[in-house]
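Undergrad: Would you mind keeping the following structure in view while I ask a few things?
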Amino acid sequence: MTTQTTLTLRRPDDWHVHLRDGGVMAGVLPYTARQFARAIIMPNLSPPVTSVEGTAAYRQRILDALPAGSDFTPLMTCYLTDASDPAEIARGFEEGVFTAAKLYPAHATTGAAHGVTDIARIRPVLERMADIGMPLLVHGEVTDAAVDIFDREAVFIERVLAPLLADLPGLRVVFEHITTADAVAFVDAMGANVAATITPQHLHINRNAMFAGGLRPHAYCLPVAKREAHRLALRKAATSGSAKYFLGTDSAPHAVAAKESACGCAGIFNAPYALESYAAVFDEEGALDRLEAFASENGPRFYGLALNEGTVMLERGAVVVPDVIDAGGTAIVPFHAGQTLGWRIKD
Ligand code: NCD
Ligand code: ZN
């Protein structure tokens with residue numbers, strides 16, 4: 001911790017967010033647009049967004065739902081399935097509709113039912129992506145029920161990601177929302193074409209948070225939070241200054257009733273106070289001077305996009321996170337609900 005009381009950052013971007021669609025999208029979008037100039041929009045709608053036209057239409061719905069005066073830019077992604085066509089994916093990238101393509105192993109997480117059943121099936125797509133420099137965004141968990149849920153990311157590296165990068169060494173890969181020391185070691189060991197996003201929750205909580213005094217559905221997301229040693233490795237990576245790590249909230253809103261259920265959905269809604277949440281971590285780690293690279297520079301450099309103009313100012317001061325947020329008529333519990341954070345965005 002320092003005694004510093006303000007922090008000015010180049011405007012940041014969120015390199016992984018779920019905005020959903022319809023009324024919920026209109027309700028959650030202003031939180032993301034308030035903090036971030038751009039965001040990578042996840043395509044796991046139901047049904048998923050797989051075509052160039054469908055994605056362009058989704059982008060337009062997002063633009064239409066923006067608060068007046070917002071200059072927020074949604075960067076769209078294509079949902080890969082066993083049936084993905086290399087020519088269609090490449091066309092979407094070349095036309096500027098797809099910024100990247102998202103690999104969900106089938107059934108790995110919310111909205112992944114149409115995901116890829118075996119990476120070998122999309123080998124021609126991945127080869128084409130490597131040729132044209134299109135980033136592959138990876139949900140890195142195996143779905144083998146015989147593998148313990150806390151080991152699924154580490155086993156994914158061994159069974160899928162390492163062999164994939166050995167096969168296509170030039171493929172640009174973002175290992176999304178990493179949760180383990182194993183992922184950090186892997187990303188560190190790879191070339192500049194491999195990077196990772198880190199969420200606020202995986203920097204703040206370990207797996208005990210899901211069981212603190214009872215079952216805590218609002219601390220449940222996928223990949224699930226791991227042991228404390230992994231959280232500490234993620235904090236070290238995020239604040240290390242390495243250009244391979246950047247901000248990706250994985251904000252994943254679900255209605256309260258869908259979370260507080262006998263079979264609660266995976267996903268943490270962290271968009272409302274995301275930057276404040278990251279700032280708390282960087283402050284605790286004595287690394288406030290490295291927040292700007294993580295939030296505003298490393299991501300655009302990896303994606304080959306210009307850095308944003310303009311700045312956002314954070315100031316030291318208490319901000320109380322509400323217990324619940326109304327997103328266009330849907331009640332959603334935000335990350336840090338009821339807690340007080342020590343940095344806030346100055347309007
Ligand atoms: C995400 C969602 O709800 O769409 N949930 C989550 O726990 N992160 C899907 C995902 O990114 O895994
Ligand atoms: Zn996600």
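Undergrad: Using the Karplus curve 6.51 cos²θ - 1.76 cosθ + 1.60 with θ = phi - 60°, work out ³J(HN,Hα) for each residue of the range 16-26 in order, rounded to whole Hz, and write x for Gly and Pro.
TA: Per-residue couplings from phi come out as 5, 9, 9, 9, 6, 8, x, x, 5, 4, 4 Hz.
Undergrad: A further question follows. In nm, give the distance between the simple-model label positions of residue 346 and residue 158, each being 7 Å from the Cα along the Cα-to-Cβ direction.
TA: Once both label points are built, they end up 5.0 nm from each other.
Undergrad: Using alpha carbons only, what's the Rg to Rh ratio of the range 241-347 with Rh from Kirkwood?
TA: Rg divided by Rh gives 1.02.
Undergrad: Here's a follow-up. Normalised by the number of residues in the chain, what is the relative contact order in percent for Cα pairs under 8 Å and 6+ residues apart?
TA: With pairs under 8 Å counted, the relative contact order is 20 percent.
Undergrad: So if I place +1 on the C-beta of Lys and Arg and -1 on the C-beta of Asp and Glu, and nothing else carries charge, what would the dipole magnitude of the chain be about its Cα centre? I want it in debye, nearest 20.
TA: Dipole magnitude for the chain comes out near 380 debye.
Undergrad: Follow-up. Give me the log10 of I(q) over I(0) for the range 88-240 at q = 0.13 Å⁻¹, as the Debye formula computes it from C-alpha points; what are the numbers?
TA: Ignoring solvent entirely, the Cα scatterers give -0.61.
Undergrad: Using 1/(1 + (r/R0)^6) with R0 = 45 angstrom and r between the beta carbons of residue 145 and residue 87, what's the FRET efficiency to the nearest 0.05?
TA: My answer for the efficiency is 0.80.
Undergrad: Ok, one more. Which value, in debye to the nearest 20, gives the size of the charge dipole of the range 39-133 about its Cα centre, when Lys and Arg are +1 and Asp and Glu are -1 at the Cβ?
TA: 200 debye
Undergrad: Follow-up. Which number do you get for Rg(Cα) / (2.2 N^0.38 Å) in the range 279-321?
TA: Compared with the compact-globule rule of thumb, the range 279-321 sits at 1.37.
Undergrad: Shifting gears a bit: What fraction of the Cα pairs in the range 167-310, stated in percent, has a spacing above 29 angstrom?
TA: 18 percent
Undergrad: Okay, next question. With all distinct Cα pairs included, what does the Kirkwood hydrodynamic radius of the range 148-198 come out to in Å, to one decimal, could you say?
TA: Evaluated over the range 148-198, this radius sits at 11.1 Å.
Undergrad: If you don't mind, another one. Using modelled amide H (1.01 Å from N, peptide plane; none on Pro or chain starts), what sits under 5 Å from the amide H of residue 327, excluding residues fewer than 5 places away?
TA: Close amide H contacts, sequence-distant or interchain: 332.
Undergrad: Taking one equal scatterer on every alpha-carbon of the range 1-148, how large is log10 of I(q)/I(0) by Debye at q = 0.16, 0.19, 0.21 1/Å?
TA: -0.87, -1.12, -1.28
Undergrad: Within 10 Å, count the other beta carbons around each residue, average over each peptide in 217-228, 109-120, and list them highest first.
TA: Output ranking for 217-228, 109-120: 217-228, 109-120.
Undergrad: When 1/r is averaged over all different Cα pairs and the result inverted, which Kirkwood radius in Å belongs to the range 297-347?
TA: For the range 297-347, inverting the mean 1/r across all distinct Cα pairs yields 13.8 Å.
Undergrad: Select from 48, 173, 251 the residue farthest towards the positive end of the dipole of the range 6-345; place +1 on Cβ of Lys and Arg, -1 on Cβ of Asp and Glu, and compute about the Cα centre.
TA: 251
Undergrad: If you don't mind, another one. Taking the mean number of other Cβ atoms within 10 Å as a proxy for protection, how do you rank 67-76, 47-56, 232-241 from highest to lowest?
TA: Top of the packing list down: 232-241, 47-56, 67-76.
Undergrad: In addition: So for the chain, taking the charge dipole from beta-carbon charges (+1 Lys/Arg, -1 Asp/Glu), which of 193, 114, 124 sits furthest toward the positive end?
TA: Selected residue: 193.
Undergrad: For the range 166-224, divide the Cα radius of gyration by the Kirkwood radius and give the resulting Rg/Rh value with two decimals.
TA: We get a ratio of 1.11 for the range 166-224.
Undergrad: Could you tell me what % of all Cα pairs in the range 58-98 have separations over 13 Å?
TA: 59 percent
Undergrad: Right, next: Picking from 322, 312, 140, whose Cα lies most toward the positive end of the charge dipole for the chain (charges on Cβ: Lys, Arg +1; Asp, Glu -1)?
TA: After comparing all options, I get 322.
Undergrad: To the nearest 500 deg cm²/dmol, what mean residue ellipticity at 222 nm is calculated for the chain from DSSP H runs of n ≥ 4 alone, each contributing -39,500 (n - 2.57), summed and divided by the residues?
TA: So the helix-based figure for the chain works out to -8500 deg cm²/dmol.
Undergrad: Also, quick follow-up: Straight-line reach from residue 346: which aspartates and glutamates fall under 15 Å, measuring Cα to Cα and dropping same-chain residues less than 8 apart?
TA: Those aspartates and glutamates meeting the cut-off are 276, 315.
Undergrad: So, one more: Using the count of nearby Cβ atoms within 10 Å as a rough guide to exposure, how do 265, 78 rank from fewest to most?
TA: In order of increasing Cβ crowding within 10 Å: 265, 78.
Undergrad: Would you grab the residues whose amide H sits under 5 Å from the one on residue 227? Only those 5+ places off in sequence or on another chain, please, with H modelled 1.01 Å from N.
TA: 207
Undergrad: Same structure again: Once the piece of chain linking residue 301 and residue 316 is laid out straight, how much longer is it, given 0.36 nm per residue of separation minus the C-alpha distance between them?
TA: 2.5 nm
Undergrad: Run the quick spin-label model on residue 215 and residue 68: label points 7 Å from Cα toward the beta carbon, then report their separation in nm to one decimal.
TA: 4.6 nm
Undergrad: A further question follows. Computed over the Cα atoms of the chain, what is the convex hull's projected area averaged over all directions, in nm²?
TA: Averaged projected area of the chain's Cα convex hull equals 16.0 nm².
The numbers here are math on the coordinates, done by the rules we state, and not lab data. Computed from a predicted model, the values in this text were never measured in an experiment. Positions of Cβ are generated from backbone atoms using ideal geometry, with glycine treated the same way; all protein chains shown enter the neighbour counts.
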